[in-house]
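Encoded as structure tokens, the structure appears first; notes follow it.
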Amino acid sequence: MVDFILLGAAKSGTTSLADILSSHPNVCFCQQKEPHFFSKNVDWRERLPQYESMFNPLPGQICGEGSTSYTMYPEFCLNIWDILYEVNPSLKFIYIMRHPFERIVSQYMHCYLRGLTSKPIDQAILNDPIYINRTRYYTQIKPYINIFGPQNILLLTFEEFTNNTKNSITSIANFLDISSKSFEITSTHSNSSINSYKNDERLDRVLKNASFLRFLKHVLPKETSIYIYRSIQNMFSRKIDGKPFLTNDLKKVIYDLLILDIIKIQEKMGREIFEWNDFYTTR
């Protein structure tokens, strides 16, 4: 059964950290990095063997996974922490958090480049609560602290992870009770935001395969199949010319909505998050 979970936050280096964790000889990381199993399956008890089949640990290995949806309250399962406690009351959690402005911009780029939004960044943030909710770090992690205890929660920032990876890895190794000398550390930007979204290779092969269009024509009217084909192509070729810019007014709104969460996170970490200093001076 799973021993630790890399919770998120989304767009905060979880993919890079998962790559590093999976390189350790004493770690069996989930075959599917983000299974989102317990947040999306109401019948999880009946399907538990399916979840367990995603791990194939060797003797002495601990099992981990990295579903960021477990800290996307209230979008998914409203009592995900209770479910995870039932699964394993000794679970450990790593929660990595990014500068609020940077995380929100990165998420917007992710959504825009994948065709999930076509709004300008200010309208998207003000009209869709997910940008703020996913950045309410204390709100997201508080239930885990209450149920599993602070000793089973490791709080990190994306900035300390990228700027001082070795120290962060040592903290993680001590937390998981494994050696810090056996990690393979390459890049800490495995899934960083980019200006133009690169097609998933499998989808790219499908789109380049004429049989895909013939299949659509076979099951749908010709005009509809061509429209769907071209829509998919357009969605996976969207671009952003340069990083989106947050206006000062929008930064102030984000500050007002998040500052109390950030203060509480600092209290739980036992230090000022100095790497986010420009967030505190927004007002």
Region 1-76: GluC sites (Glu not before Pro) in DSSP coil with no more than 10 other Cβ atoms inside 10 Å: GLU46
Which residues qualify? For MET97, with a placed amide H closer than 5 Å and at least 5 residues away or on another chain, they are ALA9, LEU156, THR157, PHE158
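Looking at this model, which pairs from LYS119/LYS252; LYS119/LYS243; LYS92/LYS166; LYS40/LYS239 are more than 22 angstrom apart at the alpha-carbon? Before the final figure, lay out each step's value.
Details: LYS119/LYS252 20 Å; LYS119/LYS243 15 Å; LYS92/LYS166 20 Å; LYS40/LYS239 30 Å.
The pairs that break the limit, which is 22 Å between Cα atoms, are LYS40/LYS239.
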Compactness relative to 2.2 N^0.38 Å, alpha carbon Rg of region 16-80: 1.19
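Students sometimes get this wrong: rank MET1, MET54 by accessible area, probe 1.4 Å, all chains present, largest first.
On the way: MET1 85, MET54 25 Å².
My answer, sorted largest first, is MET1, MET54.
With Kirkwood's inverse mean 1/r over C-alpha pairs for Rh, give me the Rg to Rh ratio of region 1-118, two decimals please. Don't skip to the end; give the middle numbers.
Details: Rg = 14.9 Å, Rh = 15.2 Å.
We get a ratio of 0.98 for region 1-118.
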Under 12 Å from the Cα of LYS33 - aspartates and glutamates, other chains or at least 8 residues apart: ASP19, GLU65
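Report the full-extension gain for the segment ASN152 to GLN31: residue separation times 0.36 nm, less the Cα-Cα distance, to one decimal in nm.
Details: separation 121, 0.36 × 121 = 43.56 nm, distance 2.35 nm.
The ASN152-GLN31 span can extend by a further 41.2 nm.
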Residue-wise HN-Hα coupling along region 165-179, computed from phi with Karplus coefficients 6.51, -1.76, 1.60 (Hz; x: Gly, Pro): 4, 4, 5, 5, 5, 4, 4, 5, 4, 4, 5, 8, 6, 10, 6
Set of aspartates and glutamates near LYS264 by C-alpha distance (under 19 Å), chain-local residues within fewer than 8 positions excluded: GLU159, GLU160, ASP256, GLU272, GLU275, ASP278
For LYS142, list the aspartates and glutamates whose Cα falls under 17 Å from its own Cα; do not include residues on the same chain fewer than 8 positions away. GLU75, ASP82, ASP261, GLU267
Would you kindly state how much longer the chain becomes between TYR85 and SER179 on full extension, computed as 0.36 nm times their sequence separation minus their alpha carbon distance, in nm to one decimal? 31.2 nm
Restricting attention to region 33-69, which trypsin sites (Lys or Arg not before Pro) occupy a DSSP loop and are surrounded by at most 10 other Cβ atoms within 10 Å? ARG45
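The values are calculated or read from the model by the stated rules, or taken from the named source; none is laboratory data. As the structure is a prediction and not an experimental result, all values here were calculated from the model. Backbone-built Cβ (ideal geometry, glycine too); neighbour counts: all protein chains shown. What goes into the accessible areas is simple: the full protein's heavy atoms, side chains included, and nothing from ligands, DNA or RNA. Shrake-Rupley method; radii C 1.70, N 1.55, O 1.52, S 1.80 Å.
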